[in-house]
Every structure is written in structure tokens, then in C-alpha cells.
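Accompanying notes for the structure given below.
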Amino acid sequence: MQTYIYYVAEKLAGAPEMQRFAHPIHVGLVTADNHEVAYTKVLENLRPTFVDEPQPLEVRFEVVMPPRAGTGVWRQGKPIDTDITFSGED
């Protein structure tokens, strides 16, 4: 089981990556066996929020690991970027 911090940003055409995630619209934690399961959990959690007005979103996941000494700051891994696009069928 892994813990992920995730950032949800609006997908804007032509906006540089750093700019999109500099001001995410949501930040959260999710625990899952892998990033695909984490993605599914986040998707199902966000679906009711955007059911009336779908919009293209991007999500960045980062694996976070507890501090080695048991206390202190959690360590972050390499970002995993994914797109979420809710359509009228959702």
C-alpha cells in the first residue's frame, strides 16, 4: 500500500506545466496499491463535483514516504501526471 499526494489543476491549452500546478484547484491524499488504483479513487471522488459542468482536468500524483527516523517531513517521489476529462456520458 502506498500513500500519494495529488494535485488537481485545470487543463489549459498552452499553459506551461509549472504554471498549471502552481495554483491547483484541489490537493489531497489517497492510499492505494498503485497509481492506477489511486487515479480511479480520485476520479470517483471528483465525479459528483463535475457532473453538472464537465471540464478537462489534470492530476499529478506523487508517492510520499514516511520519514526514515519516524518523525520529521515526509519524502516525495517523482510526479506521475494524468488527465481527467469528464464527458456528458459521465
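A few points about this structure:
- Subset of the stretch 40-72 (residues that are in a strand (DSSP E or B) and within 24 Å of residue 15 (Cβ to Cβ)): 56, 57, 58, 59, 60, 61, 62
- Members of the stretch 1-45 that are touching a Leu at 6+ places or on another chain (Cβ under 7 Å) and either free of Cβ contacts under 8 Å to residues at least 24 places away in the same chain or acidic (Asp, Glu) (or both): 10
- For the stretch 16-68, filtered to residues that are more than 12 Å from residue 3 (Cβ to Cβ) and among the acidic types (Asp, Glu), the residue that is modelled with the highest pLDDT is 44.
- Top-ranked residue of the stretch 1-21 - restricted to ones that are under 14 Å from residue 64 (Cβ atoms) and in a strand (DSSP E or B), ranked as most open to solvent (accessible area, probe 1.4 Å): 2
- The set of residues from the stretch 22-39 being assigned to a loop (DSSP other than H, G, I, E, B) and over 19 Å from residue 49 (Cβ atoms) comprises 33, 34.
- Qualifying residue in the stretch 22-41 (condition: surrounded by fewer than 17 Cβ atoms within 10 Å (Cβ to Cβ), hydrophobic (A, V, I, L, M, F, W, C) and under 10 Å from the mean Cα position of the chain (by Cα)): yes
The values are calculated or read from the model by the stated rules, or taken from the named source; none is laboratory data. None of these values were measured; they are calculated from a predicted model. Note: ideal-geometry Cβ built from the backbone for every residue, glycine included; neighbour counts use all protein chains shown. For accessibility, only protein heavy atoms count, side chains too; no ligands or nucleic acids. Shrake-Rupley method; radii C 1.70, N 1.55, O 1.52, S 1.80 Å.
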